[in-house]
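S.K.: Structure incoming, see below.
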Amino acid sequence: MALAKIPLARPVVTEEMVEAVANALRNERLVMGESVFKFEEEFARFIGTDHAVSVASGTAALQLALIASQVRGKEVVTTPLSFIATANAAVEAGATPKFADARERDYNLDPVKLKMAISPHVAAVMPVHLYGHPCDLDPMKEMCEKKELRLIEDACQAHGALYKGKKVGSIGDFGCFSFYPTKNMTVGGDGGMITTNSEQLAKEVAKLRDCGRVSRYLHDVVGFTSRLNTANAALGRIQLRHLPEWNERRRGISKIYAKELKDLEEVVLPPMGDKDITPVFHLFVLRARRRDELVTYLTKKEIESLVHYPVPIHLQPVYQQMYGYKEGSFPVSEALSKSLISLPIFPTLKDEEVKYVCDSIHQFYGGKQG
Ligand SMILES: Cc1ncc(COP(=O)(O)O)c(C=O)c1O
């Protein structure tokens, strides 16, 4: 079966969304227009927090949450298996990023390793709900409460995922989300959101994103120009309405992948969730033998795949230079980064396209001929 090229991700932009952007541009203030505040209200309601503050990107969300947590001169513990922005945000907030290894079971920060990384220098813990799969938050939250550390959830890949019946981003002191176009929902460009139940913390980050303003030309902290544009918020409001149905479709696609690939001994399927965990499959990530050859094979079949992430953060040249990390420091993340492969997943992906991807993987390993 020959199909058109299958991309890894494809954002949905409908006429209704384009119309909403046009309306916002015609009728509202272009910065801090009413769509921004409506989007924040609706997002907070969706996540189940008292407050949501929009910002210019997911990285800005993390950075401002960290600054409001007063981490300057301290350490922030996170996972080395994430997008580099997670750790960059700590550096940008004036802290030193410290890593604790991921665990094989769910690719997320290992609570046992995390505990071992805590010292009196640590001010905050920043787990990442990688690929849309919630972290094991209970032990982390308990430890943070005991040691009086801030818990900042990097939920940039996990809009709508549930941990023990609660949306991720509502459990820590802060939740941080990205609306980059390939995420489960977008604002039609860069954007981000910070969620929190604390009124005081919400005020703090709202001030930081808006030049440190107390009032129009009165500033009591050094802030940033890190607001979400009105037009982007208008588009985000409509995306948010579709998010539950899109996440459901992502779970449906994942089930097809799991069913079609379960008999292949060369691959390990991702965790599919259980009574405590409802993932949102931002990515569908396998562990695969001969991973790099598989990527090349799929490319020939017009199927896009990617590796998230081929180089763990501690081994990025800049992190090696700045902090002297060496190969072998975080063996689980390093081993995972050599076998992970992300397959196409997005709400408009068709069942037959998923099957074509699976047949191609079977062909590669010399099993079923498609
Ligand atoms: C886990 C994680 N953290 C942080 C970010 C940063 O988000 P943004 O690209 O919106 O700055 C991303 C996405 O790019 C991400 O996937």
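The values are calculated or read from the model by the stated rules, or taken from the named source; none is laboratory data. Every value quoted in this text rests on a predicted model; they were computed, and no experiment measured them. Note that we place each Cβ from the backbone using ideal geometry, even for glycine, and neighbour counts take in every protein chain shown. Ligands, DNA and RNA are excluded from the accessible area calculation, which covers all protein heavy atoms including side chains. Shrake-Rupley method; radii C 1.70, N 1.55, O 1.52, S 1.80 Å.
S.K.: Any idea of the accessible area per residue across the range 135-183, 1.4 Å probe, to the nearest Å²? Spell out each step's value before the answer.
M.R.: Values: 1820 Å² over 49 residues.
Per residue, the range 135-183 has 37 Å² of solvent-accessible surface.
S.K.: Now for a separate question. Would you mind telling me the antiparallel percentage of the DSSP bridges in the chain, rounded to 5?
M.R.: Working: 25 of 40 bridges.
Of all bridge pairs located within the chain, approximately 60 percent are antiparallel.
S.K.: Grab the other residues whose beta carbon is less than 14 angstrom from that of residue 190, score K and R as +1, D and E as -1, and report the net.
M.R.: Details: positive: 183, 209, 227; negative: none.
Overall, the nearby charge balance is +3.
S.K.: Would you please classify the overall shape of the chain from the alpha carbon gyration tensor, given that a ≥ b ≥ c denote the square roots of the eigenvalues, rounded means a/c under 1.5, and beyond that prolate means a/b larger than b/c while oblate covers the rest?
M.R.: Details: a/c = 1.97, a/b = 1.25, b/c = 1.57.
Taking the square roots of the gyration eigenvalues as a ≥ b ≥ c, the chain is oblate.
S.K.: Beta carbons within 10 angstrom, averaged per residue: use that to sort the peptides 249-258, 183-192, 160-169, highest first. Mind dumping the intermediate values first?
M.R.: Details: 249-258: 18.4, 183-192: 23.7, 160-169: 21.4.
The most tightly packed comes first, giving 183-192, 160-169, 249-258.
S.K.: What number comes out for the charge environment of residue 289, summing +1 per Lys or Arg and -1 per Asp or Glu over other residues with Cβ under 10 Å away?
M.R.: 0
S.K.: Could you work out [θ]222 nm for the chain from helices alone, using -39500 (n - 2.57) per DSSP H run of at least four and dividing by all its residues? Round to the nearest 500 deg cm²/dmol.
M.R.: Values: 12 runs with 147 residues, N = 370.
When only DSSP H runs of four or more count, the value is -12500 deg cm²/dmol.
S.K.: Same structure, new question: Starting from the Kirkwood radius over alpha-carbon pairs of the range 211-316, derive D by Stokes-Einstein at 4 °C in a medium of 1.567 mPa s and give it in µm² s⁻¹.
M.R.: Values: Rh = 18.3 Å.
Translational D for this selection: 71 µm²/s.
S.K.: Could you look at the chain and say what percent of its accessible area is carbon and sulfur, using a 1.4 Å probe and all protein chains? Intermediate values should be presented prior to the final figure.
M.R.: On the way: 8290 of 16010 Å².
With neighbouring chains kept in place, the figure for the chain is 52 percent.
S.K.: Considering the chain as a Gaussian network with a 10 Å cut-off on Cα pairs, which listed residue, 287, 105, 227, attains the greatest mean-square fluctuation?
M.R.: The residue with the greatest mean-square fluctuation here is 105.
S.K.: Taking N as the number of residues in the range 1-68, what value does Rg over Cα atoms divided by 2.2 N^0.38 Å take?
M.R.: Details: Rg = 16.8 Å, N = 68, 2.2 N^0.38 = 10.9 Å.
Here the Cα radius of gyration is 1.53 times the empirical estimate.
S.K.: In a shell of Cβ-Cβ distance under 12 Å around residue 224, excluding residue 224 itself, what net charge do Lys and Arg (+1) and Asp and Glu (-1) give?
M.R.: Values: positive: 207, 209, 213, 227; negative: 92, 210.
Local charge sum for residue 224: +2.
S.K.: Still on this model: Express the relative contact order of the range 151-211 as a whole percentage, based on alpha carbon pairs under 8 Å and six or more residues apart in sequence. Numbers along the way, then the final one.
M.R.: Working: 99 pairs, mean separation 16.7, N = 61.
Averaging sequence separation for qualifying contacts and normalising by length gives 27 percent for the range 151-211.
S.K.: So, one more: Could you tally up the Lys pairs in the range 163-310 with alpha carbons closer than 23 Å? Skip any pair fewer than 8 positions apart unless they're on separate chains.
M.R.: Close lysine pairs found across the range 163-310: 17.
S.K.: So, R0 is 30 Å and r is the distance between the beta-carbons of residue 142 and residue 322; what FRET efficiency does that work out to, to 0.05?
M.R.: Values: r = 32 Å, r/R0 = 1.05.
In this case the efficiency is close to 0.40.
S.K.: Here is a follow-up. Under 8 Å for C-alpha pairs, at least 6 residues apart: give me the relative contact order for the chain, rounded to a whole percent.
M.R.: Numbers: 802 pairs, mean separation 81.7, N = 370.
After rounding, I find 22 percent.
S.K.: While we're on this one: Can you order the peptides 270-281, 211-222 by their average number of other Cβ atoms within 10 Å per residue, highest first?
M.R.: Numbers: 270-281: 18.1, 211-222: 11.0.
Listed from highest to lowest mean packing, they are 270-281, 211-222.
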